[in-house]
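Remarks on the structure that follows.
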Amino acid sequence: MTGLTVLCVDPDDGERRKTVAALTNGDDVTVLEHDTLAAAEAALTDAAPDCVVTEYELPDGTGLDLTARLREHAPDTPCILFTNADPDRIRTAQHGEVVVEYLPKDMPGARESLVRLVGNVVTQRTQVGYPLPPEEDERLAALEQYDRPGMDAVSAFDRLTALTKSHFGVDVAFVGLVDAHEERFLSCAGADWETLEREDTMCTHTILQDDLMVVEDTHEDGRFADSDRLDELDIRAYAGVPLETPRGTAIGAYCMTNSEPRSFSDAERADLRLFADEAMEQLELRRQLNECEGDTERRPGPDPDAAAPDGSESP
């Protein structure tokens, strides 16, 4: 972990000094120290940190407020809540789209764990070029249960996406599963997309959300404004809903795009959620059918050499 700039925000001088010492121990790491939300926000306009480490409770706000501000300028920069606050006290309702790592200060070896975590999240970001969910390994394991051969030939998905395209008057509607490196489209009405590299797909951001993601104009959104691939695909507006398993794991997205900027009303957003629910129900049904078929294949058949119940030889 060398050559990094870390923004460290903690109102407790003693705690902050310990954190800074751990982060800079033996490495070429620059740490920008601040004790308030306002000072940290001002620092973001002057510097582009590789990672933010912040206490949750600040004198003039919270660590989530800081993360929300960070996302406006650097959507992919990792942020870690290194805090004494219990998870139940962390109010996430106002920042439902903000994704952070959480590390409690009172755990054994907390600062050693923090140094490792900073290194890991920064490395992941530089290696893949797109944000990863906190539980990416578990998400990919869940995806394997649904992404089975032949799923892209299921006509129910084609009917859904065709109806979605017509209902909303958009150019493209699709069902996509997001794996480790790409998004594969089970159905795509209005285009012939089969796969997209994950760094080129907007759905890799959608699966980070608790609810639908809407981008009214990609050219006005910092995450997508410089994406030549989206321009090639003629995508200027986007709305997508995460496809979540019964356990709440996002394995893909149900989405629609338009070649011109446009907004989506509350009623349209509600309808899109219904379409997404139906698509996920189809995926879950097929997962259960595949599981039943697998159980049947594994179940042993009758032994032709076994004796009949009355003791006679089997015919």
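The values are calculated or read from the model by the stated rules, or taken from the named source; none is laboratory data. All values derive from a computational prediction rather than experimental measurement. All Cβ positions, even for glycine, are placed from backbone atoms using ideal geometry, and neighbour counts span all protein chains on display.
What to note about this one:
- On inspection, VAL9 qualifies as in contact with a His (Cβ under 9 Å, 6 or more places away or on another chain) and at pLDDT 95 or above.
- One residue alone among VAL175, VAL170 is in a loop (DSSP other than H, G, I, E, B), under 21 Å from GLU268 (Cα atoms) and either under 21 Å from the mean Cα position of the chain (by Cα) or of a type in the set (Val, Ile, Thr) (or both), and that residue is VAL170.
- For the stretch 136-176, a residue qualifies if it is of a type outside the set (Asp, Glu), modelled with pLDDT under 95 and in contact with a Lys or Arg (Cβ under 8 Å, 6 or more places away or on another chain), and the qualifying residues are ALA142, GLN145, TYR146, ARG148, MET151, VAL154.
- Hey, VAL53 in a strand (DSSP E or B) and either modelled with pLDDT of 95 or more or basic (Lys, Arg) (or both) or not: yes
- Within the stretch 262-281, if we keep just the residues that are touching a residue at least 12 places away in the same chain (Cβ under 8 Å) and farther than 24 Å from THR218 by Cα, the residue that is nearest to the chain's Cα centre (by Cα) turns out to be MET280.
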